[in-house]
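**Q** Below you'll find the structure I mean.
No value in this document is a laboratory result; all are computed from the given coordinates. In this text, all values refer to a predicted model and were calculated from it rather than measured experimentally. We place every Cβ from the backbone using ideal geometry, glycine too, and count neighbours over all the protein chains shown.
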Amino acid sequence: MIAGDGPSRADRLEAWELDLGIVGPSSLASNAQIAAHRLYAGTPPQGWKNQVHDEPGLALRYRRSQRLAYTEPSWPFCWRADVLGDYGFSFGNVLTAARAGGRLRFGGLRRDFRTDGTAPPSSVIDDGGQPPSLPFYGFLGVEGRAVLHNIFLDGNTFRRSLSVDKEPLLVEFTAGLVVPFDSVEVGLSMTVTSPEFEETRSWQRFASIWFETSF
């Protein structure tokens, strides 16, 4: 991933990112999931024979976050709360989509824009104020997406492969907890997403955990 920040202020962040990679068997995604299932579940996952073929992947992504509301540190724990609005897009053969949403964060906040381990490190802003005394913060988020192309649902770009009828409009809800340290951040989140294709009516649920450090 190649990332670059656009204009940034204490209450606004703009970022461009360029993702380069590969999809298909050469990505070794099937090897990783099969190994994980054998280790934790004891049974191999099904369906990898239907995965997309090898194809270089490229995605240009833009993101803008705006702090819409912000509370000053409150007694007795010096906790803060803010509301962030987000919108952006992705363009490429892996994913072409637009997104918009918002997040509520509360607790021991730094004045940054991060909740999921994906925002650039430069989004952490030292505002010179009193540091929060709570060693963690929580967040709630909602996001809507309009999807024009998703290679994992539409199939390969330059050759025939299996595909499904995707849903063009999606909604996603997220909740989580983040524990920031001086140079390390640990986070846990739970995400629920509306059905991504017509062959299923079930909502998808998954958990994520991340560790991040700055040099």
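**Q** Let me confirm something: among 192, 147, 142, 164, which residue is aliphatic (A, V, I, L, M), more than 19 Å from the chain's Cα centre (by Cα) and under 23 Å from residue 99 (Cα atoms)?
**A** Going through 192, 147, 142, 164 in turn, the sole match is 164.
Results for (1) among the β-branched types (Val, Ile, Thr); (2) more than 16 Å from residue 142 (Cα to Cα); (3) surrounded by 14 or more Cβ atoms within 10 Å (Cβ to Cβ); (4) in contact (Cβ under 8 Å) with a residue 12 or more places away in the chain, shown as yes or no for each residue.
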| residue | (1), (2), (3), (4) |
| --- | --- |
| 188 | no, yes, no, yes |
| 191 | yes, no, yes, yes |
| 197 | no, yes, yes, yes |
| 201 | no, yes, no, no |
| 213 | yes, yes, no, yes |
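**Q** For segment 11-27, give me each residue that is of a type in the set (A, V, I, L, M, F, W, C) and farther than 17 Å from residue 156 by Cα. If you could, list the steps in order and put the result at the bottom.
**A** Taking segment 11-27 first, the residues of a type in the set (A, V, I, L, M, F, W, C) are 13, 15-16, 18, 20, 22-23.
13, 15, 16, 18 - these are the residues of segment 11-27 that are of a type in the set (A, V, I, L, M, F, W, C) and farther than 17 Å from residue 156 by Cα.
**Q** Mind checking which residues of segment 30-61 are touching a helix residue (DSSP H, G or I) at 6+ places or on another chain (Cβ under 9 Å) and within 20 Å of residue 92 (Cα to Cα)?
**A** 51, 52, 53, 54, 55, 57
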